[in-house]
1. Cα axis of helix 221-231 to longest principal axis of the chain: angle in degrees, 0 to 90, nearest 10?
2. Taking one equal scatterer on every alpha-carbon of the range 99-173, how large is log10 of I(q)/I(0) by Debye at q = 0.15, 0.16, 0.24 1/Å?
3. Below 13 angstrom from the Cβ of V100, what's the summed charge of the other residues (Lys, Arg +1; Asp, Glu -1)?
4. What chymotrypsin sites (Phe, Trp or Tyr not before Pro) does the range 53-105 have in DSSP loop regions with at most 15 other beta carbons within 10 Å?
5. Cross-chain or 8 or more residues apart, Cα under 25 Å: how many lysine pairs in the chain fit that? Count them up, please.
6. With only Lys, Arg, Asp and Glu charged, each at its Cβ (+1 for the first two, -1 for the last two), find how big the charge dipole of the chain is about the Cα centre; round to the nearest 20 debye.
7. Can you list residues from other chains, or at least 5 along the same chain, whose modelled amide H is less than 5 Å from the amide H of L198?
8. Where Rh is the Kirkwood radius over the Cα pairs of the range 208-259, the temperature 4 °C and the viscosity 1.567 mPa s, what D in µm²/s does Stokes-Einstein return?
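Bear in mind that the values in this text are calculations on the coordinates, not laboratory data. Values in this document were obtained by computation on a predicted structure and should not be read as measured data. Here the Cβ is made from the backbone with ideal geometry for all residues, glycine too, and neighbour counts use every protein chain on show.
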Amino acid sequence: MPLTPAQLSEIETARAASTPTRRPTVPALEAMLFEAMPVLDHGFVRVVDYLGDDAAVVQAARVSYGRGTRAANEDRGLIRYLMRHRHSTPFEMCEIKYHVKLPIFVARQWIRHRTANVNEYSARYSILDREFHIPAPEHLAAQAASNRQGRGAVLQGAEAAHVLDLLRQDATRTHDHYAEILNEDAEGKPLDPARAGLARELARMNLTLGTYTQWYWKTDLHNLLGFLSLRADDHAQYEIRVYAEAMLKTVRAWVPISFEAFHDYRMGAAVLSAQMLAVVRRMLAGDAVAQEGSGLSRREWRELMAMLGQAD
Ligand SMILES: Cc1cc2nc3c(=O)[nH]c(=O)nc-3n(C[C@H](O)[C@H](O)[C@H](O)COP(=O)(O)OP(=O)(O)OC[C@H]3O[C@@H](n4cnc5c(N)ncnc54)[C@H](O)[C@@H]3O)c2cc1C
């Protein structure tokens, strides 16, 4: 996560300042504010602002005049009830803004989450840094045999070394060509005064999807939890999951009661179809149920057995 000395100094200045406010603040999140949490080889995620706290969820649910809070256990019970019954709008009263540095192929997955406000670094206006994602050897895995959207065993030996070498060479070469066709050095001076250089908005087309971009990403707590439930899940690609896992730490610091309810009723919970529920009821009644005759496809059966911690 190579932040420049100037960027680090800006972050330090921001962290040193404090402003008196009547608005509620959360000390645990204040402690994290502005600080960049490293993710992947050059990426980071950092909280740059937030609005609301657990009490704001309670306040909105009760539509109260003051903070809306009652005894701590009543507030906790209300938040857990709201989460359990997908009464989502009180969670939309809290907002958070992140600054994220991420590879373009991760950004393409991330941007599918439409319920956020995004402003991305302009590669029409500015030159992209010479930073591209190269996976760590332990994440260089083969295509999964059984899952077309997943990975299998980690590549080994000469094959792993060759793949890493090609990834590095291609990313380096495309960036070298980017600089050449832009005809600009790092300070923006022409490399060759005799050439005009291609416009930034066109030159970027040659870069690999591993090139890093940056954005400010703002969303509300409800939609953030939707994002995290999909992207911190085991089915999500590792390279986006690590961002979601870093963000989970910020949510736990920010709204610990909502986070606990989210963990219990969303991340750690399972949804059963009507047919799955019927199978569980039959099992509880002592029936020896097999996949055949259960009403479930083989895949659903496997998923149910995995949920129940039973061997297939
Ligand atoms: C494991 C995984 C694999 C995936 N594979 C693919 C893939 O192969 N190809 C692909 O294209 N995508 C893929 N996706 C992306 C996925 O289909 C969703 O686009 C993405 O997860 C965003 O989810 P969302 O729409 O719920 O989020 P958001 O866009 O944040 O929306 C949140 C909710 O708001 C509502 N909403 C938002 N916008 C609208 C709208 N315009 N109209 C109606 N309701 C709206 C919906 O209820 C939605 O669920 C994958 C995602 C995951 C997690």
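1. 80 degrees
2. Cα-only, vacuum Debye calculation for the range 99-173: -0.75, -0.82, -1.18.
3. Numbers: positive: R46, K97, K101, K218, R231; negative: E120, E239.
So the surrounding residues net to +3.
4. Numbers: sites: Y65, Y81, F91, Y98, F105; in loops: Y65.
When the chymotrypsin sites (Phe, Trp or Tyr not before Pro) of the range 53-105 are filtered for loop state and at most 15 Cβ neighbours within 10 Å, Y65 remain.
5. For the chain, qualifying lysine pairs total 5.
6. Numbers: 37 positive and 38 negative charges, 225 e Å.
Dipole size: approximately 1080 debye.
7. L182, N183
8. Working: Rh = 12.1 Å.
Diffusion coefficient, whole number: 107 µm²/s.
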